[in-house]
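Accompanying notes for the structure given below.
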Amino acid sequence: MPQPQPFAGLAVLLRAWVGVLCLMLVSGCSTAPPRATGPVAVKVLAINDFHGNLLPPQGGIRIKDPADATKTVNVAAGGAEYLATAVAQLRQKNPNHIFVAAGDLIGASPLLSALFRDEPTIQSLSLMGLEASAVGNHEFDRGSAELLRMQHGGCHAVEGCKGPQPFAGAGFKYLAASTVDERTGRTLFPPYHVKYFEGIPVAFIGLTLKDTPTIVVPSGVQGLRFRDEAQTVNELVPQLRKLGIEAIVLLIHEGGFPSGDYNECPGISGAIVDIVNKLDAAVDLVVSGHTHRAYNCRIGGRLVTSADKFGTIVSEIDLVLDPRTGDVISASANNVIVRNDRFAKDASQSSLIAAYEPLAAPLAKRVVARIGQALTRDETEAGEMRIGQVVADAQLAATRGAETGGAQLALMNPGGLRAALVPQANAEVRYEDLFAVQPFYNNLVTLTLSGAQLLQVLEQQWLNQPRPRILQVSSGFGYTWDAARPVGQRIVPGSVQLHGKVLEPQTNYRVTVNSFLAGGGDNFAALKLGRNARTGMMDLDAFEQYLAGPAALAPVAPERIRRLN
């Protein structure tokens, strides 16, 4: 009979302890294979701001016209079926690969996903092999408990299971390095995920922008604290190095505004520039998002990418790792457009969509109106959009009567308008078309503001904003703003008028906004000064009622907001 080896039991316990410690310290920790002897090439595939676009988004992606760089063209792109095929083909180029995301995978989604609380999108991305994603601000739209359900699965506590099968949760890991649960003092999700490539560990830190509480309804972030982005990352670097990790990738739901096309970066502005410049030099690559822009940049010598939105682009990023130091020795990227005419549909994604579409069809395909032309999101130089004008008019119409609020004007935040309203070929508008424009389903709130307070609201379109947020205004209201004037003084004195009468600072006005804005959302804090609040119907219902009513939509919108300089 063989004799037991000395300390055999201790060895077993030690191995078990090391395994537990590994799981505690390193998300996704796995047994490291022998380290390679030569440089290791790694392919990182990245997306951001998918927003539940299981079907190709209206308009695809707008890029420079290859035949004339002074013009732009729209290319049909995106959608889960084509994205899955693109990711699969890019994976085949290198056995050392990982598929990651920079947040806002869900929230503000089309009806096909939103009707099922975005469960189809989580299933879709899991099928594609997504491995890790930063949380974005829209991941918090329904609160932390619902986001935890997205990760772990299970039926909704109130609505139950509405899909074709019970919801199993995400097959990928959400990361939230800067989001702290105030009850426990711990991050809501792990701060990072580690994957080994031929024995070399690479850490993927994930987080969202610190200003998330200003752009999400208060209930969505209740009990959570959002830390500074760069500070959070820099504090993690020494911890990762103690674990022997030198290659560090940041997945961040914050971004910038480039001046170039989708695969270049002749100039970029916005929050991401300051954040990247503050990062520890140990961070090798930054995968960004949030601004719904595509770029391939170098900021301070560091590679920074973003993949537009709605699955229209996959950032194909190539890293080379040094086997001796474990660090990144080179990084390059190519933004690949997920063209619907170049990638075939993935069968498993088609099956998933086919399982949900019949369940959504009775509501989604209901005809609500007929219109003769698209209501676009194209902005004038002053910041107006045709779709914004019509939505503001709809909100005013729904709250103008004394019994519904007595509104005199309405204001609509541009971020709440997610798509153009494009009728079907027969001019019909379906419920799913309306929902694509306004997916948040907020109450309308009519408030009393003095003229001085209303002027404050208008000035806040430039105050503490990542870029100007021009509120869309209802018919009869207008003003002029001057880009040459300092922030806080951009409204031209005497230019604000309601039905031809100049705004009086001491006069009270009844103003309708959605409940998000009424709570000071998007940094419009002056709206919280409103008095005598009257809660009305849901914004989407007001939009439907307006389009279905007798009001005619003028083919050319009158100018309501004017810009100087």
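The values are calculated or read from the model by the stated rules, or taken from the named source; none is laboratory data. Given the structure is predicted, the values throughout are model-derived calculations rather than measurements. Please note: Cβ atoms are built from the backbone with ideal geometry, for glycine as well, and neighbour counts cover all protein chains shown. The area values use the complete protein model at the heavy-atom level, side chains included, leaving out ligands, DNA and RNA. Shrake-Rupley method; radii C 1.70, N 1.55, O 1.52, S 1.80 Å.
Being under 23 Å from the mean Cα position of the chain (by Cα), farther than 26 Å from D318 by Cα and of a type in the set (D, E, K, R): is that true of D65 here? When the stated conditions are applied, D65 does not pass them. Scanning region 331-347 for residues that are polar (S, T, N, Q) and touching an Asp or Glu at 6+ places or on another chain (Cβ under 8 Å), we see that the one that is surrounded by the most Cβ atoms within 10 Å (Cβ to Cβ) is N335.
Residues that are in contact with a helix residue (DSSP H, G or I) (Cβ under 8 Å, 6 or more places away or on another chain) and either over 21 Å from R293 (Cβ atoms) or not basic (K, R) (or both) within region 460-475 comprise Q460, L463, N464, Q465, P466, I470, L471, Q472, V473, S474, S475, listed in sequence order.
Elements of the type strands (runs of 3 or more DSSP E) sitting completely within region 52-107 and holding at least 3 residues that are open to solvent by 10 Å² or more (accessible area, probe 1.4 Å): these cover 61-65, 68-75. Only one of the listed residues (L447, L455) is crowded, with 20+ Cβ neighbours inside 10 Å and either free of Cβ contacts under 8 Å to residues at least 24 places away in the same chain or not in a loop (DSSP other than H, G, I, E, B) (or both). That residue is L447.
Regarding A294, is this residue within 17 Å of D327 (Cα to Cα) and either modelled with pLDDT of 95 or more or under 22 Å from the mean Cα position of the chain (by Cα) (or both)? So A294 does not fit the description; no. The helices (runs of 4 or more DSSP H) located wholly in region 144-250 that include 2 or more residues which are touching a residue at least 40 places away in the same chain (Cβ under 8 Å) and open to solvent by less than 20 Å² (accessible area, probe 1.4 Å) occupy 144-152, 229-242. Restricting to region 129-142, and then to whatever is open to solvent by less than 10 Å² (accessible area, probe 1.4 Å) and not in a strand (DSSP E or B), can you tell me which residue is nearest to A170 (Cα to Cα)? Only one residue fits best here, namely L130.
In region 506-523, the residues that are on the phi < 0 side of the Ramachandran plot reach residues that are among the basic types (K, R) and at pLDDT 95 or above with C-beta atoms within less than 8 angstrom, at least six apart or across chains, in these pairs: A518/K528; G519/K528. S126 meets each of the listed conditions (1) part of a helix (DSSP H, G or I); (2) of a type in the set (S, T, Y); (3) open to solvent by less than 10 Å² (accessible area, probe 1.4 Å) apart from (3). Taking first residues from region 94-109 that are farther than 30 Å from G416 by Cβ and partners that are part of a loop (DSSP other than H, G, I, E, B) and open to solvent by 10 Å² or more (accessible area, probe 1.4 Å), the Cβ contacts under 7 Å between residues at least 6 apart in sequence or on separate chains come to N96/E198; I98/E131; F99/G129; F99/E131.
Condition check ((1) touching a strand residue (DSSP E or B) at 6+ places or on another chain (Cβ under 8 Å); (2) closer than 15 Å to Q395 by Cβ) across all residues:
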position: F477; (1), (2): yes, yes
position: A484; (1), (2): yes, no
position: V496; (1), (2): yes, no
position: K501; (1), (2): no, no
position: G520; (1), (2): no, no
position: R531; (1), (2): yes, no
position: G536; (1), (2): yes, yes
position: P550; (1), (2): no, no
position: R563; (1), (2): yes, no
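Taking region 268-302 as the range and being open to solvent by 50 Å² or more (accessible area, probe 1.4 Å) and touching a Gly at 6+ places or on another chain (Cβ under 8 Å) as the test, the residues that pass are S269, N277, R293.
Among the residues examined, S259 does not qualify as under 20 Å from G103 (Cα atoms), of a type outside the set (K, R), under 24 Å from the mean Cα position of the chain (by Cα) and open to solvent by 30 Å² or more (accessible area, probe 1.4 Å).
Against the definition (out of contact with any helix residue (DSSP H, G or I) (no Cβ under 8 Å at 6 or more places or on another chain), more than 30 Å from G79 (Cβ to Cβ), open to solvent by 10 Å² or more (accessible area, probe 1.4 Å) and in contact (Cβ under 8 Å) with a residue 40 or more places away in the chain), how does D318 come out, yes or no? No: the conditions fail for D318. When residues in region 387-419 are screened for being among the charged types (D, E, K, R), under 19 Å from L458 (Cα atoms) and under 23 Å from the mean Cα position of the chain (by Cα), 0 of them pass.
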